Amino acid sequence: MTAAPEPAAKVSRTRIILARVLVVIGVILVVVSLLSNWVKREALDKETFASTSQELIAHPAIQNQLAQTMVEQLYANVDVSAQLEQKLPPNLQALSGPIAGLSRELIDRAAVELLQRPRVQSLFVNAASLAQSQTVRVLEGDTTRLQTTGGNVVLDLHPLVQRLGDRFGFLANASGQLPPDAGRIVLLQSDQLNTAQNLTQALKSVADWIWVPALLAWALALWLVPGRRRKEVRAIAIGWIVAGIALLVIRRVAGSYLVDNLTDSDSVRPALSAFWNILSDGLKEAAWAVVVIGIIGTLGAWVTGEGTRAAGTRRWLGPWLARPGLAWGVFAAVLLLVIWALPLQRFLIAAILAVLACAGFEVARRQAVAEYEAEGGEAARPQLSMPFRRRAATEQTTQVEELERLARLRSDELLTEEEYAAAKGRLLGAGTSG
């Protein structure tokens, strides 16, 4: 069975090219939208950032690196050798230096164990959330909150260093010896604020509306090419797959750049890699969601196409799609499962995708039902088989009945003369050989 050819000749080449350009523009805007929304969500959303901070501090590589930083801050601000000398008896005070060096390994292990405790991890999450809140306010123009930090945005790990020093009895009043800036990590310097503020405002604006022109570009592309709209829908779906793959490539390239260029120390790279993987996990999920949606759209465009296997698939599905209640019930269950499984953070986006999916399903359903009824409807059901298998002869279908069915398909213009002659020849040949 061959579908009637689309009147592509009525569409000018200029329109076809313009439509495809609009499809590409829409795909690029999707990539920009997903990137901007990911940055906005990870950097500016308080709840998301707190959840990400909890994942960061729970990762072993980050714990090891953070523990090393805490120990370095402790040794930089507390004279461990002098503290030990006061605790040792006079005849052993000369060994305070070597003992201080040996105790470094003990303190390193203690710092890692300390960071595995839920209460200490909560201190880190609170410190990170405070830095994030401070950063957001600064990026929105409130720089008065930086008066105590020299105009810089900092992550204050002072409580963690203090907790580490208090664990060891030989460090008398270690927390009292720590200066207020011990454990502070500069996240954003004062001379970078103007650039960061401008980028933040642009990002917030883009993230809120950039998906709208993408939809408009695709709608205009479909309007420009009547008779070729299924092909443009297929191009849009493939574009979604390309967009998702592009996001995965961007994530990988950005992670490699971060790990390879922000530090020369091999010991720090595992922590940086873990940091990026956790931070960009939302981007990876969004990218795979786009790929899955694109695959579903591509399959939908294929099923409604004129290919032999696509027609066979519609023929096989016809009896079930002819029952609207059953068809829509199964489709609704699958749609809800897909929406639940995909990380669609915004309700509006999920709603738009659901509406488009429902519209596409109804178009495919009506096409399959129309072809099914043209073949005889219920009378043709016993002859149905899987679309990728050869139709097996049954006892209920005689040679005469099959010839009548072929003639009916030809009269309904669902078979060309060449296809009718070829099918008739195969049928009569099979009957002769039998």
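Yes or no, residue by residue, for (1) of a type in the set (G, A, S); (2) modelled with pLDDT of 85 or more; (3) touching a helix residue (DSSP H, G or I) at 6+ places or on another chain (Cβ under 6 Å):
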{"residue": "E285", "(1), (2), (3)": "no, yes, no"}
{"residue": "G305", "(1), (2), (3)": "yes, no, no"}
{"residue": "R315", "(1), (2), (3)": "no, no, no"}
{"residue": "R323", "(1), (2), (3)": "no, yes, no"}
{"residue": "L336", "(1), (2), (3)": "no, yes, no"}
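Of G300, G312, G239, which residue is within 21 Å of the chain's Cα centre (by Cα), part of a helix (DSSP H, G or I) and not hydrophobic (A, V, I, L, M, F, W, C)?
Exactly one of G300, G312, G239 is within 21 Å of the chain's Cα centre (by Cα), part of a helix (DSSP H, G or I) and not hydrophobic (A, V, I, L, M, F, W, C), namely G239.
Which one of these does D156 not meet: (1) over 30 Å from the mean Cα position of the chain (by Cα); (2) at pLDDT below 75? Among (1) over 30 Å from the mean Cα position of the chain (by Cα); (2) at pLDDT below 75, D156 violates only (2). Could you list all residues from segment 220-230 that are assigned to a helix (DSSP H, G or I) and open to solvent by less than 60 Å² (accessible area, probe 1.4 Å)? Correct list: A221, L222, L224, R230. Per the listing L344, L356, the residue uniquely at pLDDT below 75 and either in a helix (DSSP H, G or I) or closer than 25 Å to V212 by Cβ (or both) is L344. Figure legend. Inter-residue proximity from segment 326-344: first residues within 24 Å of R41 (Cβ to Cβ), second residues open to solvent by less than 70 Å² (accessible area, probe 1.4 Å) and modelled with pLDDT under 80, beta-carbon distance below 7 Å, spacing 6+ or different chains. Indicated pairs: I339/A350; L344/A350. Which residues, counting only those in segment 243-267, are surrounded by fewer than 17 Cβ atoms within 10 Å (Cβ to Cβ) and among the β-branched types (V, I, T)? Within segment 243-267, I245, V249, I250, V253, T263 qualify. Every listed requirement among (1) modelled with pLDDT under 65; (2) surrounded by 18 or more Cβ atoms within 10 Å (Cβ to Cβ) is met by T148 save one, (2).
Checking A67, A61 one by one, the residue that is in contact with a Pro (Cβ under 6 Å, 6 or more places away or on another chain) and within 20 Å of R119 (Cα to Cα) is A61 and no other.
Each residue in segment 197-212 was checked for being modelled with pLDDT under 75 and touching a Leu at 6+ places or on another chain (Cβ under 7 Å), and 2 pass.
The values are calculated or read from the model by the stated rules, or taken from the named source; none is laboratory data. Just so you know, these numbers come straight off a predicted model, no measurement behind them. Reconstructed Cβ throughout: ideal geometry from the backbone, glycine too, with neighbour counts over all protein chains shown. For the accessible areas, the whole protein counts, side chains as well, though only heavy atoms, and no ligand, DNA or RNA atoms are used. Shrake-Rupley method; radii C 1.70, N 1.55, O 1.52, S 1.80 Å.
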